[in-house]
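Q: Please see the structure below; I have some questions.
The values are calculated or read from the model by the stated rules, or taken from the named source; none is laboratory data. Just so you know, these numbers come straight off a predicted model, no measurement behind them. Note: ideal-geometry Cβ built from the backbone for every residue, glycine included; neighbour counts use all protein chains shown.
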Amino acid sequence: MRYRLFIIAGLTAIIALLAERISALSLDEAIERAQSDNELLRAAAKSVDAARGQILESKSGFLPSVRLSEQVVRSDEAVSAFGFRLNQGEFRAADFAVDRLNRPGARSNYQTRVEVLQPLFSGGRALHDYRQARAGVRLAEAELDQERAEIRLHTAVAYWDLVLAHAALETARESAAFARADAEGVKARYAQGMALDAERLAAQIRVLDADVQTRTSADGIAEASEALSLVMGRAVAGAIEPTSELCGRASVPPVGDLVERALRLRADVQVAEHGLEMARHRMGKAHAALWPQLNAFASGALQTDAPLERQGTSWTMGAVVSWDLPAAATIGRMRRAAAVRARLQSQRAFLRASIERQVYAAHRNIEAATARAEVRKEVVELARERRRIAQLQYGEQIVTATELLDAGTALAEARLSQLQAERDACVAWAKLEWATGGVLERQTGELK
């Protein structure tokens, strides 16, 4: 029993350690996992399967339909009993007796029937139905691509938030170390009677604030890891260690080229095009109702007075032409289909105009975000130099402890602002990729 408990405890500890493991991921690896494991993408893929099933269903307008039926009837009605005997091949001359015709007695009839119906001409309805189903598959595939682009963007945003959280924690730890070093210096000065008690207390407060910021940054890593785990479709299993670094300056293709690329490649443009194609075939199906329908049919029947016996057999073949004259319902369907097509055409035009503006906005945003990151980088260098000078001047008793602490605080704030600006530049790049419908190569600025 002790050994069993020992083994269980050991396995529990191992599982706990595995659950707390840190996974190292690059941005491309995170996107790849999201593309394969995200539940929303799996649901969208099932929509594609459903659309493909619609193609098979639409082929029924060309293929014969077969119906097999079994009917059991028992009756003493004179006409029915007469018909049963006749169909079963059991009619005899004696059955013409008036008394037997009027009072035939109850009789059973077991009928096995096979019916085949072959459409020959539907006025184009079957063809439009089939083409509409094929367009539906392309529409579902385009919607899946659109969902993939959205997941890619969400993954990139969550990933760069995680990178920012890790960098912020490093900055907070560095700031806390500086704060403790400054506090020790102020404490030593206070012991020598060379610093005020207010300066000593201010230094201690600065240390506490730095510790709180470190704790907050650590919590931010956990939250960012959970957000990234959700979009990647994986269970929460400890922190994720990002291996990609925050973005630097990168060249951007001309905005005109990006607009042309977006109008050609964006999945929502394809969704609009295939939706419009479906509307055209829907309108064609409505107009097909104006034409007559031609169908051929054939049937065979076996009728007996007891199960599993072979008595009367019969067959029937023929063709039928039916023509539903235009009525309010037909005209209404035609008008509704035309209105839907016109609405989709207007929506497509608005979508293309919106995409053009989205690309221009994304292009401006990445230029502005990159410029802000460059400025923040210079601010950090200036703040670092200011702190270095403040340390020297404090050692020479030129500045007070308050000015030294302010320089440290300014450096920490400048560093956090730089990290935020670099994260914004990374997110702006991801949004530019989403807006243009393609992956941008950062080194050259060319679209893949």
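Q: State all residues of the stretch 64-95 that are at pLDDT 90 or above and over 16 Å from THR304 (Cβ atoms); if no residue qualifies, say none.
A: Of everything in the stretch 64-95, those that are at pLDDT 90 or above and over 16 Å from THR304 (Cβ atoms) turn out to be PRO64, SER65, VAL66, ARG67, LEU68.
Q: Considering only residues that are surrounded by fewer than 20 Cβ atoms within 10 Å (Cβ to Cβ) and under 15 Å from GLU147 (Cβ atoms), which ones fall in the stretch 258-267?
A: ALA267 - this is the single residue of the stretch 258-267 that is surrounded by fewer than 20 Cβ atoms within 10 Å (Cβ to Cβ) and under 15 Å from GLU147 (Cβ atoms).
Q: Condition (residue is under 30 Å from GLU226 (Cα atoms), free of Cβ contacts under 8 Å to residues at least 60 places away in the same chain and touching a helix residue (DSSP H, G or I) at 6+ places or on another chain (Cβ under 6 Å)) applied to the stretch 175-195: is it met by at least one residue?
A: Yes; the residues of the stretch 175-195 include at least one that is under 30 Å from GLU226 (Cα atoms), free of Cβ contacts under 8 Å to residues at least 60 places away in the same chain and touching a helix residue (DSSP H, G or I) at 6+ places or on another chain (Cβ under 6 Å).
Q: Give the residues of the stretch 161-203 that are hydrophobic (A, V, I, L, M, F, W, C), closer than 30 Å to SER26 by Cα and in contact with a Ser or Thr (Cβ under 7 Å, 6 or more places away or on another chain), sorted by residue number.
A: Those that are hydrophobic (A, V, I, L, M, F, W, C), closer than 30 Å to SER26 by Cα and in contact with a Ser or Thr (Cβ under 7 Å, 6 or more places away or on another chain): LEU162, VAL163, ALA165, ALA168, LEU169, ALA172, ALA176.
Q: For the stretch 91-120, give me the residue count where each residue is of a type in the set (Asp, Glu) and touching a strand residue (DSSP E or B) at 6+ places or on another chain (Cβ under 7 Å).
A: Of the residues in that region, 1 qualify.
Q: So which residues in the stretch 38-62 are of a type in the set (A, V, I, L, M, F, W, C) and touching a residue at least 24 places away in the same chain (Cβ under 8 Å), if there are any at all?
A: Result: LEU40, LEU41, ALA44, ALA45, VAL48, ALA50, ALA51, ILE55, PHE62.
Q: Given the options ALA165, ALA158, name the one that is surrounded by 19 or more Cβ atoms within 10 Å (Cβ to Cβ), outside the structural domain of GLY300 (by TED's automatic domain parsing), part of a helix (DSSP H, G or I) and out of contact with any Leu (no Cβ under 9 Å at 6 or more places or on another chain).
A: When all the criteria are applied, what remains is ALA165.
Q: From the set of residues in the stretch 202-247 that are within 20 Å of ASP424 (Cβ to Cβ) and of a type in the set (A, V, I, L, M, F, W, C), which is modelled with the lowest pLDDT?
A: CYS247
For (1) surrounded by 13 or more Cβ atoms within 10 Å (Cβ to Cβ); (2) in a strand (DSSP E or B), each residue gets a yes or a no:
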site: ALA30; (1), (2): yes, no
site: ARG33; (1), (2): yes, no
site: SER58; (1), (2): yes, no
site: LEU63; (1), (2): no, no
site: SER69; (1), (2): no, yes
site: VAL72; (1), (2): no, yes
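Q: Just to check your reading of the model, which residue among GLU413, GLU433 is more than 17 Å from ASN365 (Cα to Cα), among the acidic types (Asp, Glu), at pLDDT 85 or above and part of a helix (DSSP H, G or I)?
A: GLU413
Q: Which condition does THR112 not pass, out of (1) free of Cβ contacts under 8 Å to residues at least 12 places away in the same chain; (2) outside any helix (DSSP H, G or I), if it passes all the others?
A: Of the numbered conditions (1) free of Cβ contacts under 8 Å to residues at least 12 places away in the same chain; (2) outside any helix (DSSP H, G or I), the odd one out for THR112 is (1).
Q: Can you pull out the residues in the stretch 305-344 that are surrounded by fewer than 10 Cβ atoms within 10 Å (Cβ to Cβ) and among the hydroxyl-bearing types (Ser, Thr, Tyr)?
A: If the condition is that a residue be surrounded by fewer than 10 Cβ atoms within 10 Å (Cβ to Cβ) and among the hydroxyl-bearing types (Ser, Thr, Tyr), then SER322 is the only one that fits.
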